[in-house]
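Before any comments, here is the structure.
The values are calculated or read from the model by the stated rules, or taken from the named source; none is laboratory data. What you see is a predicted model, and the numbers here were worked out from it, not measured in a lab. Here Cβ is always computed from backbone atoms with ideal geometry, including for glycine, and neighbour counts include all displayed protein chains. Please note that ligands, DNA and RNA were not included when accessible areas were found on the heavy atoms of the full protein model with its side chains. Shrake-Rupley method; radii C 1.70, N 1.55, O 1.52, S 1.80 Å.
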Amino acid sequence: MDVLLFVAATFRISVPYALAAVGASFSERGGVVNIALEGIMLNSALAYVLGAYASGNPAVGLGAALLAGLATAGLHAWITVGLRGEQITSGIGINLLSAGLTRYVLVSVFGSSSNSPRVVGFDPLVSFDTLPGLGSVLTSPLVLVGLVLIPAAQWLMFGSVFGLRLRSVGERPEAVAALGLPVVGYRVTGVLISGLFGGLAGAWLASEQHSFTDGMTNGRGYVAIAAMIVGRWSPFGAALACLVFGAAEALQIALQGSGFPSELIQVLPYVVTMLAVSGFLGRSFPPRALGTPFAPERSGQ
Amino acid sequence: MKRLVALEGPLAAIAIALGAGAVLIGIAGENPLEIYALMATECFGTPYGIGQVLFKATPLIFTGLGVALAFRGGLFNIGAEGQLVVGGLAAGLAGAALTGQAPFVALPACLAAAAGAGALWGAIPGMLRARFGAHEVINTIMLNFVAFALVAWIGRYAFEPATVRTAEITAGAVLPRLDVWFPALAGSPANFALVLALLAAIVVGIFLDHTRLGYEIRAVGLNAAAAEFAGIGIGATRALTLALSGALAGLGGANFVLGYKHFFEQGFSAGAGFLGIAVALVGRNQPLGVVLAALFFGALSYSGLVIHGRVPKELVDMLQGLVLLIAIAVPAALARRRG
């Protein structure tokens, strides 16, 4: 197998995972479990296709995807932070709704229950003939944006005042509220950031595939959450875990049809996640207030 | 009276979701009342329609009961989909292997295989929770994916050539269609698995409310610290809760595999495990509520096929998600208002 092609495939697969996982760390560090990521990515992928189809311009598709990501994340934020509804069920509900919504729109707009027509995608900025595959992946605008955003996210989380406060909101919201800071505002912002990153991830999937197909995220949102946990709720850690997960998926695809049971490799990311959650890869702890709605009147404020 | 009040939230959620659906139907250029009337008459107006609804509701009763049992024990089982899949696979493989066995051997063996495989799939996150404190939400999600991969892997050896299905199960393992007793249901796939599902609901109700173990499961769910102080082993109780939850979801595979197609087919679950979460929530984690909610979601599933041609059938997929979301949002909003 060609090493360069394998690296290119790894990158291509890892980028949407990494974007979604990095975004999820902002939601969860603020104290909100975001299983809705699957629905966020799915809606965004469809929005990209609708935008690109209507305009012929991938940038319009990207804008639509970001808006769809924000809107879906906004719904999750409203239910979980605004109404203090249960976070995991809200995520499951949004994912069910998004699966139905995207199917409904697909049929209504394109008259097909399986896929959209072909739309434009983002072209690589440069095409290297010497690096087949790899060059076009590495110089794709969305990959470049991702490569810039991931360190930026790491800085935002651990180097900025915003990040410090967001993390405090996920650990001890009462203390943040006592300082007079808006806990609800930080939590909502964290969820919305994950919506933007999820939107970017959905746009990348649709742009790469040049179309929308029913259920095309195929569990990637859940895997992104898993990677974020393996990466211990940090943007760099999450991105690194996604690179490993992506490599496993690339290897599995490469081994398909070779007679080797590729399913054994396919399950590696899931098994690694279960080991990580169980503490076999070193102890790590989720944000202390993760999953707990913040109710100021009940915390004596 | 208390029971009536408990209905208020779910009914409000259903009403609001149907209201939203009416708007969508209007946008699609149809009369919402006509479409809803069509749904109702096709689902409940003919014996065939009722049979279809019962068939769709059957796996939802099983997965809904499984998720509800876990909820009562304070555990979140998002893995019902995977448990349903491995349960169906085990039933199919057992049914194909037991060629020539009499029903009183083959049928219990296949049901035990389904329940056992589901229980194993539930026990894994249960034991990881008990032993290592690993949160079951992520582990049950991961095991869904492992279950899908397991099916593909076993399928390499067990599927019929050029298909994604196993060999036919032996005649003794077949759950009879309900039209054997109710000829009016003729042609609908409703089968004896429904009776098993209703029995399971009764058993779960008695188990939770009238047995020592059921009491312990509820105690751990309500207040784990207090339960531990009272001498209940919370780790073992949690592991057992998830195993039982998985067994119920796994039994759901019997409806399709033993009662309908008479073989296991990749993708047969069609999201019934995920929908079980909605069924449990809308059913307030009570066995009777789960049965009613399963009938409602089953009717929605079938009515998609009925309205197709006038409104895209995908409308009902949206409604299912909306009902769940609103069922979460309404009580949360009411609780907020009351402070």
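The heavy atoms of residue A:288 offer some 130 square angstrom of accessible surface to a 1.4 angstrom probe. The angle between the Cα long axis of helix A:37-55 and the longest principal axis of the Cα atoms of chain A comes to about 50 degrees, rounded to the nearest 10. What net charge do the residues around residue A:9 carry, taking every other residue with its C-beta under 15 Å from that of residue A:9, with Lys and Arg at +1 and Asp and Glu at -1? Spelling it out: positives minus negatives among the neighbours equals -2. Simple rule: put +1 on each Lys or Arg Cβ and -1 on each Asp or Glu Cβ in the range B:51-310, find the dipole, and look at B:74, B:143, B:109; the Cα lying farthest toward the positive end is B:74. Span-like helix criteria (full DSSP H runs; alpha carbon extent of at least 24 Å along the helix axis; mean Kyte-Doolittle hydropathy of at least 0.0) are satisfied in chain B by B:2-27, B:47-72, B:80-97, B:103-132, B:136-158, B:193-210, B:234-251, B:287-307, B:314-338. Rounded to the nearest Hz, the phi-derived 3J(HN,Hα) couplings of the range A:87-99 under the Karplus curve 6.51 cos²θ - 1.76 cosθ + 1.60 (θ = phi - 60°) are 6, 5, 5, 4, x, 4, x, 5, 5, 4, 4, 5, 4, where x marks glycine and proline. Tally up the carbon and sulfur contribution to the accessible surface of chain A as a whole percent, 1.4 Å probe, everything protein left in place. Its accessible area is 66 percent carbon and sulfur atoms.
Among the residues of B:145-156, the average count of other protein chain beta-carbon atoms within 10 Å of the residue beta-carbon is 4. Rounded to the nearest 20 debye, the dipole size of the range A:1-112 about its Cα centre is 120 debye, using +1 on the Cβ of Lys and Arg and -1 on the Cβ of Asp and Glu.
Give the carbon-plus-sulfur fraction of the accessible surface of the range B:51-310 in %, rounded to a whole number; probe 1.4 Å, heavy atoms of protein chains only.
68 percent
Take chain A with all the other protein chains still there, run a 1.4 Å probe, and you get 38 Å² of accessible area per residue. The HN-Hα couplings worked out from phi for the range A:76-84 by the Karplus form 6.51 cos²θ - 1.76 cosθ + 1.60 (θ = phi - 60°) are 4, 5, 4, 5, 7, 8, x, 8, 6 Hz, whole numbers, x standing for Gly and Pro.
Taking the C-alpha atoms only, the angle from helix A:235-255 to the longest principal axis of chain A is near 30 degrees. Histogrammed with a bin width of 10 Å, the alpha carbon distances of the protein assembly as shown distribute as 3, 15, 26, 28, 18, 7, 1, 0 percent, first bin at zero.
Among residues other than residue B:75 with Cβ under 10 Å from its Cβ, the summed charge is +2 (Lys and Arg +1, Asp and Glu -1). Heavy atoms of the protein chains alone define the surface here; on that basis chain B has 40 Å² accessible area per residue at 1.4 Å probe size. Computed over the protein assembly as shown, the per-residue total of -39500 (n - 2.57) for DSSP H runs of n ≥ 4 gives a 222 nm mean residue ellipticity of -23500 deg cm²/dmol, rounded to 500.
Enter the buried accessible area of the A/B pair, total of both sides, probe 1.4 Å, in Å² rounded to the nearest 100.
About 3700 Å² of accessible surface is lost on pairing.
Ranking A:197, A:120, A:7 by how far each Cα lies toward the positive end of the dipole of chain A (charges on Cβ) leaves A:197 at the top. In whole percents, the pair-distance distribution calculated for chain B from its alpha-carbon pairs, binned every 20 Å from zero, is 31, 57, 12, 0. Sorting A:54-67, A:147-160, A:189-202 by average packing, meaning the other beta carbons within 10 Å per residue, from highest down gives A:189-202, A:54-67, A:147-160.
With an 8 Å Cα cut-off and a minimum separation of 6 or more residues, compute the relative contact order for chain A in percent. Write out the running numbers ahead of the final one.
Numbers: 583 pairs, mean separation 107.2, N = 301.
Rounded, it is 36 percent for chain A.
To the nearest ten degrees, helix A:220-230 and the longest principal axis of the Cα atoms of chain A are 60 degrees apart.
Proximity of backbone amide H atoms, modeled 1.01 Å from N, is registered between residue A:33 and A:291 at under 5 Å, excluding neighbours fewer than 5 places apart on the same chain.
Short-range pairs are left out: with C-alpha atoms under 8 Å and at least six residues apart, the relative contact order of chain B is 34 percent.
Backbone geometry of the range A:172-189 corresponds, through the Karplus equation with coefficients 6.51, -1.76 and 1.60 at θ = phi - 60°, to 3J(HN,Hα) couplings of 9, x, 4, 5, 5, 5, 5, 7, x, 8, x, 4, 4, x, 5, 5, 4, 4 Hz, x marking Gly and Pro.
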